[in-house]
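The structure under discussion appears below in the form of structure tokens.
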Amino acid sequence: MKLQSIRGMNDIFELEARLWGKIESISRKVFAAHGYTEIRTPIVENTQLFQRSVGESSDIVAKEMYSFSDRNGDSLSLRPEGTASVVRAYLQHSLMQDKAVQKFFYLGPMFRHERPQKGRYRQFYQLGVEVFGAAEALADVEVIQIQDALLKAFGIEERELHISSLGCSVCRPPYNAKLKQELDKISDKICEDCLRRKEKNPLRVFDCKNPNCQELYKGLPKMMDAICGDCQEHFADLKKGLDALGIRYKIDTSLVRGLDYYNRSAFEFVSTGEVLGAQATLSAGGRYDTLVENLGGKPTPAVGFAAGIERLALLMQEQKDSLQLRPDIYFVLPDDSAWEIALPLAAILREHGHYIETDLQKKKMKQQMKRANKLAARFVLILGESERESAKAILKNMEDGQQREISLDSLEQDLLNLLSN
Ligand code: ATP
Ligand code: MG
């Protein structure tokens, strides 16, 4: 049997991995500029955590989780998303005691048993934030602004923000009852998943990916038209903040989130380019004011988002070329007597952050030169026998082909000077 990675789980390497590194380092900068600190939670949690947060009516819990019993017989799951674990950690470590408002970011792999396709995988990576303790729409505005700043910093210009309100515990139950009545009338026409949603959380039918269902739901009453006064005020503040920032948005009355725990603001940044096809949502999130309490804490308002790194990377492919690593100097070592000079010298230059490449295979000099060329080294340092005898080395500038001799006595300092320019 040929050993292969699991379907929908990818190896990321070379330039793609460098692109991911770029995405991560930009993200860390943007998060730091907004005062978000990192939280790293385990990849495996008790299955119950997701059942009680993401919810039984979600596709994720109903049919996408990687759950298994461990050797003690406990039911564990690979995390399908990040929020549940962050809330668990927030409660477990009583993090509300440190600060009234807590702001976290995370980066890492998530697991869902979905049908793999472009932009949709079974192991995928998310970056995201969670804010605890702020009920005001200003927090929602900040979370949206971070996504906007990230996408801008990634060079993703073709994007659109969609927003909606999902109501609250006052206005959603009566709306849900009315919606269920309407769905009952067409229950012979809707898909099996929607039948399940109809019973558990009717609002979620709007998230169905089935075009037939989407068509049927066009005429149904919308949550946005039924939100209460407080929710209307909250939504008005959200718009006011976005307007102040000059962040354009579209109000999308059928935007709901795929997880059960959201209330009030829901938002998504969607790619308007061609690349992603049906998987165009780049980042998504919303407010979840009841989740902390549902998981055993005090009532704590919260809001967050998560973005899919694979989808971001798919839109940044043309940035890969500029991420190619070029050696500053390629050391050509014609024989092993050169090691005594070359190895410690390379170590010192590398300590200063310069990229020094050498031959690791005792190849012939000509092949070493070839490799230096292939790697597009800026300079080549040749430590040949005859040069060493006259206490010199040859430095070749690969861009203009110029060669010069450098005395071994001053070699280290000369190269450090050269590379710091
Ligand atoms: P979708 O509607 O595309 O299935 P979702 O509503 O399930 O997304 P969330 O759970 O809110 O998405 O996740 C936030 C982001 O994470 C998505 O916008 C997307 O960029 C990314 N994402 C979600 N599921 C996957 C997946 N299976 N593969 C790759 N990226 C994903
Ligand atoms: Mg999904």
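The values are calculated or read from the model by the stated rules, or taken from the named source; none is laboratory data. Here the structure is a predicted model, which means the values were calculated and not measured. Note: ideal-geometry Cβ built from the backbone for every residue, glycine included; neighbour counts use all protein chains shown. Quick note on the areas: whole protein, heavy atoms, side chains included, nothing else; ligands and nucleic acids left out. Shrake-Rupley method; radii C 1.70, N 1.55, O 1.52, S 1.80 Å.
Results, tabulated for the structure shown:
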{"item": "Members of the range 114-139 found to be away from ligand 1 (no atom under 16 Å from the Cβ) and either on the phi > 0 side of the Ramachandran plot or of a type in the set (Lys, Arg) (or both), listed by number", "result": "133"}
{"item": "Where residue 134 falls short, out of the listed (1) out of contact with any Lys or Arg (no Cβ under 6 Å at 6 or more places or on another chain); (2) assigned to a helix (DSSP H, G or I)", "result": "(2)"}
{"item": "Any pair with Cβ under 6 angstrom, 6 or more apart, that starts in the range 290-312 at a residue that is modelled with pLDDT under 95 and assigned to a helix (DSSP H, G or I) and ends at one that is open to solvent by 40 Å² or more (accessible area, probe 1.4 Å) and away from ligand 2 (no atom under 16 Å from the Cβ)", "result": "none"}
{"item": "The range 256-273: number of residues that are touching a His at 6+ places or on another chain (Cβ under 6 Å) and either basic (Lys, Arg) or open to solvent by less than 20 Å² (accessible area, probe 1.4 Å) (or both)", "result": "1"}
{"item": "Residue check for residue 413: modelled with pLDDT of 95 or more, farther than 20 Å from residue 354 by Cα, open to solvent by 80 Å² or more (accessible area, probe 1.4 Å) and in the same structural domain as residue 337 (by TED's automatic domain parsing)", "result": "no"}
{"item": "Residue check, residue 282 surrounded by fewer than 23 Cβ atoms within 10 Å (Cβ to Cβ) and closer than 22 Å to residue 109 by Cβ", "result": "no"}
{"item": "Search result, residues across the range 102-156 that are of a type in the set (Lys, Arg) and either farther than 16 Å from residue 315 by Cβ or within 16 Å of ligand 2 (Cβ to nearest atom) (or both)", "result": "103, 112, 115, 118, 120, 122"}
{"item": "All positions within the range 298-322 that are among the hydroxyl-bearing types (Ser, Thr, Tyr) and either closer than 14 Å to residue 22 by Cβ or open to solvent by 40 Å² or more (accessible area, probe 1.4 Å) (or both)", "result": "322"}
{"item": "Residue ID - least open to solvent (accessible area, probe 1.4 Å), chosen from residues in the range 1-20 that are part of a helix (DSSP H, G or I) and touching a residue at least 60 places away in the same chain (Cβ under 8 Å)", "result": "19"}
{"item": "Any chance residue 62 is small (Gly, Ala, Ser), in a helix (DSSP H, G or I) and without any contact (Cβ under 8 Å) to a residue 60 or more places away in the chain", "result": "no"}
